[in-house]
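Right, one structure below, let's go through it.
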Amino acid sequence: MSRQLHIVCLDNPWPADYGGAIDMFCKIETLYKAGIKIHLHYFSYNQRSDSDVLKNYCESIHVYERKMGSMGVSRRLPYIVASRINDELISNLNKNEHPVLLEGIHCTGIIPGINKNKKILVRLHNDEKEYYRQLADATGNLFKKIYFKRESRLLGKYQQSLPKEIAYASITEKDAATFRNYNLKNVFFLPAFIPYKEINSLEGIGNCCLYHGNLSVPENEKVALWLLKNVFSKIAVPFVIAGKNPSKKLANISFRNKQCRLIANPTENEINDLLRQAHINVLPSFSSAGIKIKLLHALFEGRHCIVNDTMVVGTGLEAACHIAGNAAAFASVVMQLLHQPFTTEEITLRKKLMENTFSNEKNVQQLIQYLW
């Protein structure tokens, strides 16, 4: 008799066009290939369109409306949790004995309603308390800042009250240590599920520096603006910024820098081409929560990577990157690497570091062990 599994996603996992969706979709795809029959449940919002793609991997698909605005607000629960508590979802999960994989802290508000004898595993995408604190620091919008700070405070209390008896799969070793400090007994490290299978980095010298990411996320826009103002205004080096939905502010500031080119909403193929053509991926981060899929993407597809400590802390990927502590150091390392070819030795190092740790097929077996 084949194994069957409920997966509850915080969002539509398709298209897999941001970090959380990539992890969720690649996990679904890999579980399907491992012979697991998947009953998918997800919350529809953010105008992410439904797609027939998911039908290729799922036995059944159930879509729920997230409670938006005041309907999802709770005095004691974080909004990301309270807005996803859904009685129909709980009822559907309780119709059989199949185990449940909950994607994100976001979906854990339903745990009290799930049958006590049912196996539950929570995928931790982030230390959400810290993530929302850093979102508050990154935004200049007063109302967003107030919301992010409130959410961070509520998440801090909520994460400490998570059920102790179920298992938690953390996306980094650093986050695993954080959640173990909440006295959760069964927290283990499960690397991100990603679409990149092997190192495709090219040897030699590329043609520009590149920063890529979802530019509608406040932290990513803050990084792009920081690079423009503090690094690439000081050195005459071709610089490309690429990503989803850049703001008018970012477009205007990048236009003023004659060395900079802004590419809005590139396709997956275009991003891959940019990564392979670039000589240096410049990837600082102001948020240490979770793992940045864009860093993994750059290490699988691109040449040199310059990061700060915040980007790589707790990832084990430090040896594959050049680390700079401030804007002057970023500019200095860019100039050092500008005429330094990317070599076979560096590609070999990446293979050793990456291809075993981020093997979807290996990691799905660990997931299956915890679910059955």
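In the stretch 63-80, what residues are out of contact with any strand residue (DSSP E or B) (no Cβ under 7 Å at 6 or more places or on another chain), in a loop (DSSP other than H, G, I, E, B) and crowded, with 16+ Cβ neighbours inside 10 Å? Full working, then the answer.
Initially, the stretch 63-80 is screened for residues out of contact with any strand residue (DSSP E or B) (no Cβ under 7 Å at 6 or more places or on another chain), giving 67-80.
Remaining after also requiring in a loop (DSSP other than H, G, I, E, B): 67-68, 73-78.
Listed by number, the residues that qualify are LYS67, LEU77, PRO78.
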When (1) in contact with a Pro (Cβ under 8 Å, 6 or more places away or on another chain); (2) within 21 Å of MET24 (Cα to Cα) are applied to ALA324, the one that fails is (2)
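Suppose the filter is surrounded by fewer than 22 Cβ atoms within 10 Å (Cβ to Cβ), touching a helix residue (DSSP H, G or I) at 6+ places or on another chain (Cβ under 8 Å) and in a loop (DSSP other than H, G, I, E, B); does LYS164 pass it?
Judged against the criteria, LYS164 is not a match.
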Residue identified as surrounded by fewer than 18 Cβ atoms within 10 Å (Cβ to Cβ), touching a helix residue (DSSP H, G or I) at 6+ places or on another chain (Cβ under 9 Å) and either at pLDDT 90 or above or among the aromatic types (Phe, Trp, Tyr) (or both) among LEU338, LEU299, LEU295, LEU349
LEU349
From the list ALA176, ALA192, ALA136, ALA224, exactly one residue is at pLDDT 95 or above and not hydroxyl-bearing (Ser, Thr, Tyr). Which is it?
ALA224
Apart from one, (1) in the same structural domain as LEU296 (by TED's automatic domain parsing); (2) modelled with pLDDT of 95 or more all hold for GLU203; the odd one out is (1)
What are the residues in the stretch 174-187 that are surrounded by fewer than 16 Cβ atoms within 10 Å (Cβ to Cβ) and touching a strand residue (DSSP E or B) at 6+ places or on another chain (Cβ under 8 Å), if any?
ARG180, ASN186
Exclusive hit being over 26 Å from LYS292 (Cα atoms) and outside any helix (DSSP H, G or I), set ILE90, ILE110, ILE85:
ILE85
How do the pairs read when you match residues in the stretch 1-27 that are touching a residue at least 12 places away in the same chain (Cβ under 8 Å) with residues anywhere that are part of a loop (DSSP other than H, G, I, E, B) and of a type in the set (Phe, Trp, Tyr), using Cβ under 6 Å and keeping only pairs 6 or more apart or on different chains?
ASP23/PHE193; PHE25/TRP14; CYS26/PHE193; LYS27/PHE193
Only one of these is among the polar types (S, T, N, Q), more than 28 Å from ARG153 (Cα to Cα), at pLDDT 95 or above and surrounded by 12 or more Cβ atoms within 10 Å (Cβ to Cβ): SER60, SER83. Name it.
SER60
Does PHE189 satisfy being touching a residue at least 12 places away in the same chain (Cβ under 8 Å) and not assigned by TED's automatic domain parsing to the domain that holds GLU268?
yes
Has the stretch 203-214 got at least one residue that is surrounded by fewer than 17 Cβ atoms within 10 Å (Cβ to Cβ), in a strand (DSSP E or B) and over 21 Å from the mean Cα position of the chain (by Cα)?
yes
From the residues in the stretch 4-28 that are more than 17 Å from GLU361 (Cα to Cα) and charged (D, E, K, R), which one is surrounded by the fewest Cβ atoms within 10 Å (Cβ to Cβ)?
ASP17
Kindly establish whether LYS222 is of a type in the set (Lys, Arg) and assigned to a helix (DSSP H, G or I).
yes
Here is a check on your reading of the model: is VAL313 in contact (Cβ under 8 Å) with a residue 60 or more places away in the chain, within 19 Å of the chain's Cα centre (by Cα) and not assigned by TED's automatic domain parsing to the domain that holds PHE286?
no
Does LEU89 satisfy the condition of being in contact with a His (Cβ under 7 Å, 6 or more places away or on another chain) and modelled with pLDDT of 95 or more?
yes
Residues satisfying the stated conditions in the stretch 315-335, i.e. crowded, with 19+ Cβ neighbours inside 10 Å and modelled with pLDDT under 90
THR315, LEU317
When the residues of the stretch 113-131 are filtered to those that are in contact (Cβ under 8 Å) with a residue 40 or more places away in the chain and outside any loop (DSSP other than H, G, I, E, B), which remaining residue is farthest from CYS26 (Cα to Cα)?
GLU130
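The values are calculated or read from the model by the stated rules, or taken from the named source; none is laboratory data. Since the structure is predicted, the reported quantities are computational estimates derived from the model, not experimental observations. Positions of Cβ are generated from backbone atoms using ideal geometry, with glycine treated the same way; all protein chains shown enter the neighbour counts.
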